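The values are calculated or read from the model by the stated rules, or taken from the named source; none is laboratory data. These numbers come from a predicted model, not from an experiment. So basically every Cβ, Gly included, is an ideal-geometry build from the backbone, and we count neighbours across all protein chains shown. Areas reflect the complete protein model, heavy atoms only, side chains present, ligands, DNA and RNA absent. Shrake-Rupley method; radii C 1.70, N 1.55, O 1.52, S 1.80 Å.
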Amino acid sequence: MESKEKEITMISNYNYQVFKGKLNELTTKGKPEIKGNPFAILSFNNSKCPFYDLVNEGEFRISRNSNFFSIPFLIEGNFSENKYNTDVNYQVKPIAFGYYWLRILPALINFILIISFIINYKRLEIDSYKPDKIIVAILLFEIFIFAPLFFSELGKRKFETKFLEELKILNKNS
């Protein structure tokens, strides 16, 4: 899946070896795509590390280490040695299955309910219900099924912020 996110170039206050060590210290080893889908609970771990990753020499792919409230995003990038610091290039990318799950499932639920409503319209006896109560119920239901989209975007921002804070990554111009 092609990401719309642009690559961000920043600098870490840590030197290369410290940066790599800190990244390894903050991560639980594993395939990051596992933690970014609705079935993340099946990969349960008791680690207190904030990230779940694959770290190679100069490259990383991390997702948030969460068993219950996963977000469908990972941070993928590379890091290289600079004179006193570490250059860090990264992108926040969606994890395909979890990303599409959060977008397609609510639309599918709405589609099924609308078709069911159309098929059963005469049997529902809507005239006996108050329209304001129906509207409130529909709005609450819509908020309930679309809330995960909002929370995943919020989680994405918090995940990226934690990544930047934990590894002391700053904008190159700062």
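Points to keep in mind about this one:
- Heavy atoms of Phe159: accessible area, 1.4 Å probe, square angstrom to 10: 10 Å²
- The stretch between Ile112 and Phe150 holds 11.5 nm of extra length on full extension. This uses 0.36 nm per residue minus the Cα-Cα distance.
- For the range 44-174, projected area of the alpha-carbon convex hull averaged over all directions, nm²: 12.3 nm²
- FRET efficiency for the Lys133 to Leu105 pair, using the beta carbon distance and R₀ = 25 Å, is estimated at 0.45.
- Shown are Glu160, Glu81, whose ranking by accessible area with a 1.4 Å probe and every protein chain present, most to least, is Glu81, Glu160.
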